Amino acid sequence: MEVRDANVRFSMSRGQAWVLNDVDLDIYREEILAVVGESGSGKSMFASALLDAVEDPGQLSGDVTYYPQESEQVNTEEITSFDAASDDSVEILNLSQNELNAVRWEEIAMVFQGAMSSFNPTMKIEGHFKETIRAHDAVMSERMQHVRDLFDALHLDYDRVMKAYPHELSGGMKQRALIALALVLEPDVLVMDEPTAALDLLMQRSIIAMLRELRDAFDLTIVFITHDLPLVAGLADRIGVMYSFEFIEIGPTQPLLEDAAHPYTRALLRSVPSIDSDIDEMQTIEGSSPDPVNIPTGCSYHPRCPLADDRCEIEDPELVQVEGEHEVACFYYEQSANEIQYTLHGGVDE
């Protein structure tokens, strides 16, 4: 997928709230991309933008382009005005509601935070799968066989889970069943918004391990939204760090973790709790995230940054290449290592 100049704004009584600000990002086929940042940084809005699912009265603008596999064609039986064009690209934000329905779930699926609220409590799990399959006019027998394969990969007992009501399953089982439901029509892209936030640490690690297996078994591209940097350190191929509704650092996981370039990313890593590090080594990030109605001029991080100067207050840095695919939006990233030091501990998986 390719995102260019993506913006989301809400009209409020006290002014325009910008909750996604000129975002550019490429998502590569069959990678696991983790999108990380504090609460209120724009992560969930970015996830919604990928599916043109920003709720009213939010206004989404820009370009979101999806490129199907070369061997595949998007299901266009219900599409009248949509033209896949010569490169088979799909301009997500130009699609009508019917056209979006032909792309969502079948090409790009989403797992929302909180599995319990995603299931109808009066319907058994099997009913959710069959309802989804019928809604997309898919072949029931083929899809249900695929569900069995998904349940095996997710270590779920097919007969038990399918006959259960949502409240009869544990949190981890519901979350895994929701992942299987998102994959029932074999989409290429799976967007996951804080999918493990409500689970205990053991179940979080278990689902993370399963996601790696799912990616390899079903040729998935996964976008994993989270505020928990240590959780995805051993999962993601790349990490995109968001601050103030935009990406301020993007790069391959290990280089980014071992030598983060942006002062904010380094501060995040320094604040990660660990059972094998001295509590004195942990330091919180002073200040608070920007108000979306009053985003600071220049670099939005400058009110909290120890490296900030007059230039940072006036100019907004663009993403520049540090090394390889590692990019950062900071004028003084070369000095950040000396100013903000951190040590990777057991709290960050390697």
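So which helices (runs of 4 or more DSSP H) stay within region 222-326 end to end and still have 3 or more residues that are within 21 Å of Y342 (Cβ to Cβ) and touching a Phe, Trp or Tyr at 6+ places or on another chain (Cβ under 7 Å)? Spell out the reasoning first.
Details: elements: 229-232, 253-258, 263-270, 310-314.
Fully inside region 222-326 and qualifying: 263-270.
Would you kindly identify the helices (runs of 4 or more DSSP H) lying entirely within region 80-165 that contain at least 1 residues that are at pLDDT 95 or above and under 28 Å from M1 (Cβ atoms)?
125-135, 140-153
Within the set of pairs 6 or more residues apart or between chains, which connect a residue that is free of Cβ contacts under 8 Å to residues at least 40 places away in the same chain inside region 245-274 to a residue that is surrounded by fewer than 21 Cβ atoms within 10 Å (Cβ to Cβ) and not in a helix (DSSP H, G or I) with Cβ atoms less than 8 Å apart?
From residues that are free of Cβ contacts under 8 Å to residues at least 40 places away in the same chain, the pairs are S271/M282; S271/Q283; S271/T284; S271/I285.
Let's see how each residue does on (1) over 30 Å from Q204 (Cβ atoms); (2) within 24 Å of the chain's Cα centre (by Cα); (3) surrounded by fewer than 16 Cβ atoms within 10 Å (Cβ to Cβ):
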residue	(1), (2), (3)
Q97	yes, yes, yes
E107	no, yes, no
M110	no, yes, no
Q113	no, yes, no
T122	no, no, yes
I125	no, no, no
E131	no, no, yes
D137	yes, no, yes
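Residues that are assigned to a strand (DSSP E or B) and small (G, A, S): does region 37-60 have at least one?
No, because not a single residue in region 37-60 is assigned to a strand (DSSP E or B) and small (G, A, S).
For region 195-206, state whether one or more residues are in a helix (DSSP H, G or I), on the phi < 0 side of the Ramachandran plot and surrounded by 20 or more Cβ atoms within 10 Å (Cβ to Cβ).
Within region 195-206, not a single residue is in a helix (DSSP H, G or I), on the phi < 0 side of the Ramachandran plot and surrounded by 20 or more Cβ atoms within 10 Å (Cβ to Cβ).
The values are calculated or read from the model by the stated rules, or taken from the named source; none is laboratory data. Computed from a predicted structure; not experimentally measured. Note that we place each Cβ from the backbone using ideal geometry, even for glycine, and neighbour counts take in every protein chain shown.
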